[in-house]
Amino acid sequence: MSMFSTGILVLTSPLHVLPLRIAPVLTSAAQVVERTLYVHLHPGLNLSTGGQVRPVYIPPLVDLCTLISRLYSNAADICAHLDVRVLLSNVRAQSVALSGNNGPFPTPQTLSHSPEVVLTDFPIQDSGQSSLVTQCLQKYAGHCYVCKPSLSSVLLYPRLKEVEEDDPDRGGSGAQLKPLETFSDVVVGGTFDRLHGAHKTLLNISCLMANRRFVIGVCDQELLKNKVLKELIEPYYQRVQKLQDFLNDVKPSLKYEIVPLSDPFGPSISDPELQCIVVSEETRKGGEAVNRKRAENGLAELVLYEIQLLKDAHHADIEEEKISSSSLRTRLLGTLLKHPSPQADLPLDPYVIGLTGGSGSGKSSIAHRLEALGAVRIDCDQLGHEAYLPGTSAYHKVIQEFSPDILNEDKTINRRVLGGKVFGNQERLKALTDIVWPEIALLVKKRIKQAKEQGKHVCVVDAAVLLEAGWTYLVHEVWVATIPEEEAVKRIVQRDGVKEEDALRRLKSQWTNAKLIEHANVVLCTLWEPDVTQRQVLKAWSLLQQRIQKRQEEIKSSP
């Protein structure tokens, strides 16, 4: 079956049956759609009438919240590669729906990605119905959304568990469905980094409950300081853009206000029009704190609506059991975050990795692990010592620049004395690096050439100053080892026997983790146990081999 980038899944099963059918339906849909899957809910829709089936308003029900949570949870387990979005334009409180007289879709809604295929779980009694149902489905989708002109349709045939639809114990058609209480203005807060199923559940249920306005506070600045791998958190503007795209797809009729949060409360404690705050199990105490602040400010308490956390069936030992942004950031370690810039003058063999990181980051331990996997390690700290040896070009230039009093009795350069001449003096330090760094670069080139002659295919340039020295022209990719500053300080104190303030001063003189990661193609973190670092390195090495092979195949196939 052909694969489509974007599709709409129209779910027609009764509400009490849908939870049982979501997993097989998503499994089937993932075989057809590869990027974005919109989900349109219309329980009880009959697509076999042959007539013009038109969309209708569906009242918000408690069961819909459960269904949405189940849908995103199943999607995370079954088709995590898909961007699943539950659409709510046709879900609205009865009183609000009656105020409009043109139905939920007076004109087809434009989505951020134009659907190329429409799918449904609608069961057909015999194959002779297929053509009729397909036509009806296409017309229905066209009433609701702006689709590609050549819209395809697919009838899914999952193996569905039989359910007695009128069984009142299962909330069947004979049971009374409980309406969901809705509010004019709803508020939520969060980091919303790398929008995932738990975020989408929170946002969808909030949209379901909001009739007029939805306020979203997005953590920024101070609130990000203690986050795991905070340097990998997407920029604020990027997180906001993704939120806007998602929310405008889900329920464009709402008024959205997205605001930055520099404290845990934001507008939730000062906006008198807010009526409800949606929280999770772990943020309920934060919601209670909001109400205490509102009481102090003379404002009415917000209704706290709590949703359950989504369990992460794929979480590793260092990750949270729930679906979370921190776990997703952890999974980025060792992967290619951005494609390397083409280096036309750099031969593909050997493939050169530039590995850098601040003091205490575990950079050298990673280099040794890569060496054990078959890479040639080029230690730039060692090459720095070689550059100062008597008889070298740098040796004579350094003496000329800084005077002979930097020499030991054996005529070698006393690097401690030399360091005293440049410490705290940026101008003198630059004079030194302008002499030494080009010489180290020449030595790196020499080592790479030697590796090629030895038949080696990967080199790792272990260099703390890789980026500062401008040595990126020597490497195909930049890999960065990172560690939180407080952990780096502990390691430096323990390793070098210096005071905390001296360790911190050393780190402040180097590029920050955030600045290093801006230039990184791959990021690794040695915060956890050594076996965790090893797993990251093995993943990075395996993915690297795939990239090298792909590059080689592209070169062979090019004219």
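The values are calculated or read from the model by the stated rules, or taken from the named source; none is laboratory data. Here the structure is a predicted model, which means the values were calculated and not measured. So basically every Cβ, Gly included, is an ideal-geometry build from the backbone, and we count neighbours across all protein chains shown. These area figures cover heavy atoms from the full protein model, side chains too; ligands, DNA and RNA do not enter into them. Shrake-Rupley method; radii C 1.70, N 1.55, O 1.52, S 1.80 Å.
Filtering segment 1-21 to residues that are part of a strand (DSSP E or B), of a type in the set (Gly, Ala, Ser) and open to solvent by 20 Å² or more (accessible area, probe 1.4 Å) leaves only SER5. With segment 476-559 as the region, which helices (runs of 4 or more DSSP H) entirely inside it contain at least 1 residues that are over 20 Å from the mean Cα position of the chain (by Cα)? By residue number, 485-496, 500-508, 530-557.
Checked against the criterion of being in contact with a Phe, Trp or Tyr (Cβ under 6 Å, 6 or more places away or on another chain), surrounded by 16 or more Cβ atoms within 10 Å (Cβ to Cβ), more than 18 Å from LEU156 (Cα to Cα) and touching a residue at least 60 places away in the same chain (Cβ under 8 Å), the candidates PRO55, PRO104, PRO60 yield just one match: PRO55. Residues in segment 112-155 that are free of Cβ contacts under 8 Å to residues at least 12 places away in the same chain, over 20 Å from GLY51 (Cβ atoms) and outside any loop (DSSP other than H, G, I, E, B): SER127 only. From the list GLY298, GLY286, the lone residue that is loosely packed, with under 14 Cβ neighbours inside 10 Å and farther than 23 Å from TRP528 by Cα is GLY298. Being small (Gly, Ala, Ser), in contact (Cβ under 8 Å) with a residue 12 or more places away in the chain and surrounded by fewer than 16 Cβ atoms within 10 Å (Cβ to Cβ) holds for only one residue in SER206, SER270, and it is SER270. Among the numbered conditions (1) in contact with a Gly (Cβ under 9 Å, 6 or more places away or on another chain); (2) open to solvent by less than 20 Å² (accessible area, probe 1.4 Å), the only one that LEU370 does not meet is (1).
Residues in segment 22-71 that are of a type in the set (Lys, Arg) and in a strand (DSSP E or B): ARG35 only. Here is the figure for segment 245-264: residues that are within 19 Å of the chain's Cα centre (by Cα) and within 15 Å of ARG213 (Cβ to Cβ) total 1. Considering only residues in segment 223-272 that are in contact with a Ser or Thr (Cβ under 7 Å, 6 or more places away or on another chain) and among the acidic types (Asp, Glu), the one that is farthest from SER89 (Cα to Cα) turns out to be GLU231. Of the residues making up segment 216-249, just one is of a type in the set (Val, Ile, Thr) and either part of a helix (DSSP H, G or I) or surrounded by fewer than 17 Cβ atoms within 10 Å (Cβ to Cβ) (or both), namely VAL240. Summed over segment 289-311, the residues that are more than 15 Å from ASP263 (Cβ to Cβ) and touching a strand residue (DSSP E or B) at 6+ places or on another chain (Cβ under 7 Å) give a count of 9.
Scanning segment 514-545 for residues that are surrounded by fewer than 16 Cβ atoms within 10 Å (Cβ to Cβ) and closer than 11 Å to THR335 by Cβ returns SER542, LEU543. Scanning segment 34-52 for residues that are open to solvent by less than 30 Å² (accessible area, probe 1.4 Å) and either free of Cβ contacts under 8 Å to residues at least 40 places away in the same chain or hydroxyl-bearing (Ser, Thr, Tyr) (or both) yields a total of 2.
Of the residues making up segment 414-441, those that are part of a loop (DSSP other than H, G, I, E, B) and not hydrophobic (A, V, I, L, M, F, W, C) number 3. Filtering segment 436-453 to residues that are touching a residue at least 12 places away in the same chain (Cβ under 8 Å) and either basic (Lys, Arg) or within 27 Å of GLY419 (Cα to Cα) (or both) leaves VAL436, TRP437, GLU439, ILE440, ALA441, LEU443, VAL444, LYS445, ARG447, LYS452. Applying a threshold of 7 Å to beta carbon distances and a minimum spacing of six or more residues, or different chains, the list of pairs starting in segment 318-344 at a residue that is charged (D, E, K, R) and ending at one that is modelled with pLDDT under 90 and open to solvent by 70 Å² or more (accessible area, probe 1.4 Å) reads GLU321/LYS311; GLU321/HIS315; LYS322/LYS311.
Here PHE423 passes the criteria (1) aromatic (Phe, Trp, Tyr); (2) over 37 Å from the mean Cα position of the chain (by Cα); (3) open to solvent by less than 80 Å² (accessible area, probe 1.4 Å) except the one numbered (3). Of the candidates LEU389, LEU429, LEU418, LEU383, the single residue that is open to solvent by less than 10 Å² (accessible area, probe 1.4 Å), over 19 Å from LYS363 (Cβ atoms) and not hydroxyl-bearing (Ser, Thr, Tyr) is LEU418. Restricted to segment 294-318, and to residues there that are within 28 Å of the chain's Cα centre (by Cα) and among the acidic types (Asp, Glu), the residue that is nearest to LEU180 (Cα to Cα) is GLU306.
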